[in-house]
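*Asks:* Before anything else, here's the structure in question.
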Amino acid sequence: MCNFCKTKPVITLPNSNKQLCKSCFIKYFDKKVFKTIKKYELIKREDKILVAISGGKDSNTILHLLNKYNQRFKIKLEALAIDEGIKGYRNKTLKDAKKICKENKVKLTIISFKDEFGYTLDQLIKKIKLKQCTICGVLRRYLLNKYSLKLKANKLVTGHNLDDEVQSILMNQFRNNVEVSARLGPLTGIVEEKKFVRRIKPLYLLTEKEVATYAFLNKLPNTFTECPNAIDAYRGDVRDFINNFEEKYPGTKHSIINSFLKTLPLLKNGFKTSKAIKHCKKCKMPSSKEICQSCELLNKINL
Ligand code: SF4
Ligand SMILES: [Zn+2]
Ligand SMILES: [Zn+2]
């Protein structure tokens with residue numbers, strides 16, 4: 001029975017054993033997102049917000065939610081999708097992205113690797129000897145930032161949920177990449193930089209299971225397709241490890257996030273001055289080196 005209204009439950013909350021019915025769960029979910037936005041000051045009135053939309057359940061959920069409550073936020077809301085050119089996958093998820101943007105009357109801009117770099121990701125992975133996800137991630141981040149600036153957005157919303165963040169925290173810990181963790185959190189980045197649009201994660205405190213349930217209950221488009229390149233074995237192993245641990249010791253994921261949030265201000269502070277931000281000599285975007293990661297990567301095409 002639902003803990004609040006004694007009707008049929010649809011979910012048992014991962015961290016509290018509470019059972020909730022459809023309408024109580026949707027209220028709980030919306031409330032939790034707003035609390036996250038308020039507590040971490042993710043959105044301010046009059047912001048111009050871009051949702052980085054992939055067409056998957058996470059970004060569809062956040063677009064749906066921000067649009068539903070935009071009366072309250074009074075923000076300018078648009079969406080930005082990147083078409084990497086992954087045959088049999090991205091075309092399907094982009095269909096869902098277009099559908100949800102249309103339903104919510106949100107303007108969608110789609111930028112493709114092909115138009116921007118001359119090659120699709122499928123072609124690039126034959127030309128550059130790096131892991132597919134590395135090429136994809138570096139170039140996608142570059143385009144998201146470039147077009148957020150072009151579209152004059154001051155925040156970029158991503159659909160990262162609690163499970164994604166827990167995996168990243170542990171991966172950085174296991175690989176001694178704690179400086180990378182300093183850039184995580186509900187509001188990413190360490191220092192303000194005008195050529196870098198900060199990313200915000202309103203779904204930060206909601207688990208994968210909760211987001212999937214919310215998307216399902218709200219009938220949000222979802223084709224359940226997985227990228228054929230999704231073979232990041234390391235992340236997969238970390239995910240399985242955490243999921244096994246969570247099953248045996250419920251509450252583990254929330255404990256990791258909560259303890260991380262306690263140390264995050266110290267981390268951000270500690271890494272504030274460790275590296276001065278430079279600007280890439282080629283594209284003028286912020287970079288920690290003379291040439292940014294994406295220009296360095298694109299240089300490899302012609303080697
Ligand atoms: S799984 Fe890898 S290649 Fe596929 S979309 Fe994600 S980052 Fe890109
Ligand atoms: Zn209820
Ligand atoms: Zn560059």
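Bear in mind that the values in this text are calculations on the coordinates, not laboratory data. Note that the coordinates shown come from a computational prediction; the quantities given were computed from them, not determined experimentally. Quick reminder, even Gly has a Cβ in these numbers, built from the backbone with ideal geometry, and neighbours come from all protein chains shown.
*Asks:* For residue 114, list the aspartates and glutamates whose Cα falls under 13 Å from its own Cα; do not include residues on the same chain fewer than 8 positions away.
*Replies:* 83, 84, 122
*Asks:* Sticking with this structure for a sec: Below 14 angstrom from the Cβ of residue 291, what's the summed charge of the other residues (Lys, Arg +1; Asp, Glu -1)? Let's see the in-between values first.
*Replies:* Details: positive: 278, 281, 282, 284, 289, 300; negative: 290, 296.
Overall, the nearby charge balance is +4.
*Asks:* Would you mind checking which residues have amide H under 5 Å from residue 83's amide H? H placed 1.01 Å from N; only 5 or more apart, or other chain.
*Replies:* It is 111, 112, 113, by chain and number.
*Asks:* Take peptides 189-198, 128-137 and line them up by average Cβ neighbours within 10 Å, highest first, as a rough protection proxy. Don't jump to the answer; show the numbers that get you there.
*Replies:* Numbers: 189-198: 14.4, 128-137: 16.3.
So the peptides 189-198, 128-137, ranked by packing, come out 128-137, 189-198.
*Asks:* Shifting gears a bit: Using only Cα atoms, tell me the angle between helix 57-68 and the longest principal axis of the chain; keep it within 0 to 90° and round to the nearest 10.
*Replies:* It works out to around 70 degrees.
*Asks:* Then there is this: Relative to the longest principal Cα axis of the chain, at what angle does helix 22-39 sit, 0 to 90 degrees, rounded to 10?
*Replies:* 50
*Asks:* Kindly write out, for the range 207-222 in residue order, the coupling ³J(HN,Hα) from the Karplus curve 6.51 cos²θ - 1.76 cosθ + 1.60 (θ = phi - 60°), rounded to whole Hz, with x marking Gly and Pro.
*Replies:* Residue by residue, the range 207-222 yields 6, 3, 4, 5, 5, 4, 5, 4, 4, 5, 5, 8, 6, 6, x, 7 Hz.
*Asks:* Starting from the Cα gyration tensor of the range 11-275, take the square roots of the eigenvalues, sort them a ≥ b ≥ c, and report rounded, prolate or oblate (rounded when a/c is under 1.5, otherwise prolate if a/b is larger than b/c, else oblate).
*Replies:* Here the range 11-275 falls in the rounded category.
*Asks:* Packing-wise, with mean Cβ within 10 Å as the measure, how do 68-75, 79-86, 212-219 rank, highest first?
*Replies:* Packing order, densest peptide first, comes out as 79-86, 212-219, 68-75.
*Asks:* Using the Karplus curve 6.51 cos²θ - 1.76 cosθ + 1.60 with θ = phi - 60°, what ³J(HN,Hα) values do you get for each residue of the range 163-177, in whole Hz, with x for Gly and Pro?
*Replies:* 4, 4, 5, 4, 4, 4, 4, 5, 4, 5, 5, 5, 9, 6, 10
*Asks:* I need the peptides 250-258, 263-271 ranked by packing, meaning the mean over residues of other C-beta atoms within 10 angstrom, with the highest value on top.
*Replies:* Sorting 250-258, 263-271 by mean packing, highest first, produces 250-258, 263-271.
*Asks:* On to the next question. Which links in 98/284; 57/92; 195/272 stretch past 20 Å when you go from one Cα to the other?
*Replies:* Numbers: 98/284 31 Å; 57/92 13 Å; 195/272 17 Å.
The pairs that break the limit, which is 20 Å between Cα atoms, are 98/284.
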